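Here's the structure we're looking at; comments come further down.
The values are calculated or read from the model by the stated rules, or taken from the named source; none is laboratory data. Since the structure is predicted, the reported quantities are computational estimates derived from the model, not experimental observations. Glycine gets a Cβ as well: all are built from the backbone with ideal geometry, and neighbour counts include every protein chain shown. Note: areas computed on protein heavy atoms with side chains; ligands, DNA, RNA excluded. Shrake-Rupley method; radii C 1.70, N 1.55, O 1.52, S 1.80 Å.
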Amino acid sequence: MRTRTLLLLAIACGLVILLAGGIQLLRVGGQQQSAKLLVTGEPGEAGDVTVELVSSSIGDTSLVAVVRVGGIDDPDGLDGFTLVGPGKVLPVTTSDCSGITVDQVSCALTFATDGMQGTSRQLIFHRADQQLRWVLAQGE
């Protein structure tokens, strides 16, 4: 192959890559943020589930969040709750509910926080590519 042909092919490849990058930027730029910040007592919907943080209490080695949750029968639905702190994402350790039901029920979710640094804590509920978030304690 001649040098001129190779240069033209390289320019064509570069233009194709540039076009693909521009299309991807348009796709990503048009997406809406799916995380919704809520306050205690404010219900939110993620997918087919309605969740409301009723109260939370932070202890030395655990955090207990009382939530009202319902909308669909899903025995594994509480797996969508996580506690986020500096450098850690924690699953629910124990719960007094066996899952999510159609009827709204109150559940006490306990997270083991021993070893978690700082004071910043956020409760996250993730379902169906949507996310609800509550700030429980603000770091300093």
(message) Under 5 Å between amide hydrogens, which residues at least 5 positions from T119 or on another chain qualify, with H placed 1.01 Å from N in the peptide plane?
(response) E140
(request) Taking the chain as the reference, fit the longest principal axis to its C-alpha atoms, fit the long axis of helix 3-29 to the helix C-alpha atoms, and give the angle between the two in degrees, 0 to 90, nearest 10. (result) 20 degrees
(message) Using Cα springs under 10 Å in a Gaussian network model of the chain, which residue among L109, L53, L18 shows the largest mean-square fluctuation?
(response) L18
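In debye to the nearest 20, how big a dipole does the chain give about its Cα centre with +1 on each Lys and Arg Cβ and -1 on each Asp and Glu Cβ? Display every interim value, and only then the final one.
On the way: 9 positive and 14 negative charges, 239 e Å.
Dipole magnitude for the chain comes out near 1160 debye.
Per residue, how much accessible area does the range 91-140 have with a 1.4 Å probe, in Å²? The partial results should precede the final answer.
Working: 2710 Å² over 50 residues.
Using a 1.4 Å probe on heavy atoms only, each residue of the range 91-140 averages 54 Å².
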(request) Return the single residue from C107, C13, C97 with maximal mean-square fluctuation; model: Gaussian network over the chain, springs between Cα atoms under 10 Å. (result) C13
(request) Any cysteines in the chain with zero other Cys Cβ atoms under 4.7 Å from their Cβ? List them, or say none. (result) C13
(request) Let me have the 222 nm mean residue ellipticity of the chain computed from DSSP H runs of 4+ only, each contributing -39500 (n - 2.57), with the sum over all residues rounded to the nearest 500. (result) -7000 deg cm²/dmol
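Just check the range 17-140 against the gyration tensor rule for me: Cα atoms, a ≥ b ≥ c as the square roots of the eigenvalues, rounded for a/c under 1.5, and otherwise prolate or oblate depending on whether a/b exceeds b/c. Write out the running numbers ahead of the final one.
Values: a/c = 2.31, a/b = 1.42, b/c = 1.63.
Cα axes put the range 17-140 in the oblate bin.
Count neighbours as other Cβ atoms within 10 Å of each site's Cβ, and list the chymotrypsin sites (Phe, Trp or Tyr not before Pro) in the range 49-139 that are DSSP loop with at most 16 such neighbours. Show your work: numbers first, answer last.
On the way: sites: F81, F111, F125, W134; in loops: none.
Of the chymotrypsin sites (Phe, Trp or Tyr not before Pro), not one in the loops of the range 49-139 has a Cβ with at most 16 other Cβ atoms within 10 Å.
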